[in-house]
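The values are calculated or read from the model by the stated rules, or taken from the named source; none is laboratory data. Just so it is clear, the model here is predicted, and its values are computed rather than measured. Reconstructed Cβ throughout: ideal geometry from the backbone, glycine too, with neighbour counts over all protein chains shown.
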Amino acid sequence: MIDDSDLNMRKAAYADNLRGLHRRERSVGFVACLLGAVLLIWGRSVEGAPFWAVVAGLAIIGAGWSLFAYVIIRRTRYVRAHPFDPQS
């Protein structure tokens, strides 16, 4: 029989494992969104900024969000393939 503290520790370890999945991709997506936002703001607010800055900013933000969606899909697949098992 498994006591509650052991079960809670296993759940916490499983959750930590899930949080660690694709950490690099999430970080790159976050940085891409920030970089795209800065580029978009610069392209819209500075008088002499080139037009491509706005387009590039939007494209980079889209790529960052695509990485976030990729991570969500990959985590969902992992959880379905490796559900939490209190006995393991």
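Scan segment 30-49 and tell me whether some residue there is hydroxyl-bearing (Ser, Thr, Tyr) and either touching a residue at least 12 places away in the same chain (Cβ under 8 Å) or surrounded by 11 or more Cβ atoms within 10 Å (Cβ to Cβ) (or both). Spell out the reasoning first.
Applying the first criterion (hydroxyl-bearing (Ser, Thr, Tyr)) to segment 30-49 yields 45.
Restricting the remaining residues to those that are either touching a residue at least 12 places away in the same chain (Cβ under 8 Å) or surrounded by 11 or more Cβ atoms within 10 Å (Cβ to Cβ) (or both) gives none.
No, that holds for no residue.
Which helices (runs of 4 or more DSSP H) sit wholly inside segment 4-88 and have at least 1 residues that are modelled with pLDDT of 95 or more? Before the answer, list the steps.
On the way: elements: 4-20, 23-45, 52-81.
Of the helices (runs of 4 or more DSSP H) lying wholly inside segment 4-88, those with at least 1 residues that are modelled with pLDDT of 95 or more span 23-45, 52-81.
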